[in-house]
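**Student:** Got a structure here, written out as C-alpha cells. Questions coming.
The values are calculated or read from the model by the stated rules, or taken from the named source; none is laboratory data. Everything numeric in this text was worked out from a predicted model, so none of it was measured. Here the Cβ positions follow ideal geometry from the backbone for every residue, glycine too, while neighbour counts run over all protein chains shown. In case anyone asks, the SASA skips ligands and DNA or RNA and just uses the protein heavy atoms, side chains included. Shrake-Rupley method; radii C 1.70, N 1.55, O 1.52, S 1.80 Å.
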Amino acid sequence: MEIWNPEITERAYASQFEKNMLSHILPAGTLKAGETYIWRVQVTDSYSWERGQNRTNSAWQTITIAHELE
C-alpha cells in the first residue's frame with residue numbers, strides 16, 4: 001500500500017511487501033484530519049517487487065480524512 005499527499009507531492013506512507021496481505025492498519029497519526037490523499041496497492045507474484053515476474057499497481061484512489069476523528 002502506498003499513500004501520497006498530492007498537495008505537497010510527498011509520500012505519506014508505504015507499507016512493506018507482505019505475503020497474502022488482505023488488510024492493513026496504518027500507524028496512528030499517519031494521516032491528518034481534513035487532508036486529501038491518494039492511495040494504491042501493488043501486487044506481485046514474489047516476495048519482493050524486484051524479483052516478481054508478474055506485478056502491477058492498482059489505479060490511484062482518492063480519500064479525504066474526516067475533520068474530526070473519533
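**Student:** Just to be sure, is Asn5 in contact (Cβ under 8 Å) with a residue 12 or more places away in the chain and out of contact with any Lys or Arg (no Cβ under 7 Å at 6 or more places or on another chain)?
**Tutor:** In short, yes.
**Student:** Condition check: hydroxyl-bearing (Ser, Thr, Tyr) and modelled with pLDDT of 90 or more. Does Ser58 satisfy that? Steps first, answer last, please.
**Tutor:** Details: hydroxyl-bearing (Ser, Thr, Tyr): yes; modelled with pLDDT of 90 or more: yes.
Considered against the rule, which asks whether it is hydroxyl-bearing (Ser, Thr, Tyr) and modelled with pLDDT of 90 or more, Ser58 comes out as yes.
**Student:** Okay, next question. Filtering region 1-33 down to residues that are in a strand (DSSP E or B) and of a type in the set (A, V, I, L, M, F, W, C), which residue is surrounded by the fewest Cβ atoms within 10 Å (Cβ to Cβ)?
**Tutor:** Filtering first and then ranking leaves Ala14.
**Student:** Moving to a separate point now. Taking Ile65, is it exposed (fewer than 11 other Cβ atoms within 10 Å of the Cβ), without any contact (Cβ under 8 Å) to a residue 60 or more places away in the chain and either in contact with a helix residue (DSSP H, G or I) (Cβ under 7 Å, 6 or more places away or on another chain) or not hydroxyl-bearing (Ser, Thr, Tyr) (or both)?
**Tutor:** Here the answer is no, as Ile65 does not meet what is asked.
**Student:** If you don't mind, another one. Any residue at all in region 43-54 that is at pLDDT 85 or above, in contact with a strand residue (DSSP E or B) (Cβ under 8 Å, 6 or more places away or on another chain) and part of a loop (DSSP other than H, G, I, E, B)?
**Tutor:** No: zero hits.
**Student:** In this structure, does Ile63 turn out to be in a strand (DSSP E or B) and either at pLDDT 90 or above or of a type in the set (Asp, Glu) (or both)?
**Tutor:** Details: in a strand (DSSP E or B): yes; either at pLDDT 90 or above or of a type in the set (Asp, Glu) (or both): yes.
In short, yes.
**Student:** Filter region 34-51 down to the residues that are among the hydroxyl-bearing types (Ser, Thr, Tyr) and open to solvent by 90 Å² or more (accessible area, probe 1.4 Å) and list them by number.
**Tutor:** Tyr47
**Student:** Now a separate question. Return the pairs, sorted by first residue and then second, in which the second residue is among the β-branched types (Val, Ile, Thr), the first residue lies in region 21-34 and is touching a residue at least 12 places away in the same chain (Cβ under 8 Å), the beta carbons are less than 6 Å apart, and the residues are 6+ apart or on different chains.
**Tutor:** Leu31/Ile65; Ala33/Ile65
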